[in-house]
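A short reminder: the numbers here are calculations on the coordinates, not readings from a lab. All values reported here derive from a predicted model rather than from experimental measurement. In this analysis, Cβ positions are derived from the backbone assuming ideal geometry, glycine residues included, and neighbour counts consider all displayed protein chains.
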Amino acid sequence: MNLPQQPEATTRAIAEESLREHRHYRGKMQTVPKCPIRDRRDFAIWYTPGVAAPCKAIQAQPEEVYELTNRGNTVAVVSDGTRVLGLGNIGPEAGLPVMEGKALLFKYLGGVDAVALCVRTRSAEELIAVVRALEPSFGGINLEDISQPKCFRILEMLRKSMEIPVWHDDQQGSATVALAALTGALAVVDKRLGSVRIALVGMGAANFPTYRLLVRAGADPGRIVACDSRGTLHEGRADIDERQQELAEKWLVCRQSNAARVTGGIAEALAGADVCIAFSRPGPGTIRPEWVGAMAKDAIVFACANPVPEIWPAEALAAGARIVATGRSDFPNQVNNSLVFPGVFRGALDVRARTISDDMALAAAGALAAAAEERGLREDRIVPAMDDLEVVARVATATGAQAQAERLARRPMPREKLFQVALETIRAARRTAETLAREGLLGPPLQQD
């Protein structure tokens, strides 16, 4: 596995370059027209007086909003900045670069127009009210970087009360990509999901839905040992028992998992485990090499914390792991939500799905895993590349088809057409970005030292 020799130095270098680039371009997203401006008369067509005609048409038939505006291809990326990308509660302004980055990935990878919205709310109820109020302008909502446990309640309430897809990428996206990557990794080491022992390190926004999706896909909950900052989860955890309503997700895991009632911390959870899936505190040092060394033969380690994984890949491999993945693009096996959300939303938007169900996420994970297998699995390649256009279109197709199977789609479409629509939309978005860069329309390039 080709790994950076000095990961700390690489991380610092990327951070310095990122700051220079962001300052030079003043962010990553802008708005450009999608209609032609041929002469002054076009302003009368696109704005007053001509714009009154589509307004009246939508008033008479609300579903026309999807045909006469860009609502059907627009997603709001909403965050309150309370749990940003391994950085913690840094506030809405400081979280804006991440949300702009998300919007960039939405557009380039999935052809989805996304708007970064960082909001200053004080409670889950306020955030829910804000998102509900946005519904008329957007075809979908991507929640991002919201602290737990309130993120669970927010997603649950919004999914119940809105008629457009609401997706929390830290929850559903993380779970979907983790399942897809694990499918590929298990194929490489010739193990089966239903019989492996899995340790989940960290039980926040990412690993609870990962637990739920793993079980739905066939993992044995009794062979899963989850671990939070206070230790392993089991029915003897009085601190969770006393707060069952507030910590409902953790209490469910306490009751369903860890049949052997393993106690202790991360070291005990990893002992003898075939798989470690960590969405936890950024490292290095959160997971120690000797703990990886105590795992089963051909161990699989997903160290997904950002910006620094719980253990450096080289350390995990030296300790005995056979397959290591992180959330970073500068290491092999990037287990990152960017493999999932562009295609999932592309498919959901194209069929005008009312929601994104767990079975839609399972279908997306299956499509991603199948694409990885076709491209050739090995220890350092368990998932496809995030910019593989055809893979994104396949994830979109699987998502849209599953929405139709569950009667969640308002615009049915055959699989073949779903794939072609996704492919053409993504190609157009990439050509637009490449043309703007090639023609010098993004401003002067940054002169490197």
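Checking (i) 75, 69, 41; (ii) 55, 50, 47; (iii) 73, 53, 44 against the coordinates, the calculated Cα extents along the principal axes in Å falls under label (iii). Using the rule -39500 (n - 2.57) for each DSSP H run of four or more residues, divided by the residues of the chain, the 222 nm mean residue ellipticity is -14000 deg cm²/dmol.
Measure nothing fancy, just the Cα-based angle from helix 7-25's long axis to the longest principal axis of the chain, in degrees from 0 to 90, nearest 10. Between the helix axis and the principal axis of the chain, the angle is about 10 degrees. Loop sites by DSSP among the trypsin sites (Lys or Arg not before Pro) of the chain, restricted to those with at most 15 other Cβ atoms within 10 angstrom, leave 298-406 as the longest stretch without any of them.
In a reduced charge model with +1 at each Lys and Arg Cβ and -1 at each Asp and Glu Cβ, segment 107-253 shows a dipole moment near 300 debye about its Cα centre. For segment 16-108, the relative contact order is 23 percent, taking Cα pairs closer than 8 Å that sit 6 or more residues apart in sequence and dividing their mean separation by the residue count.
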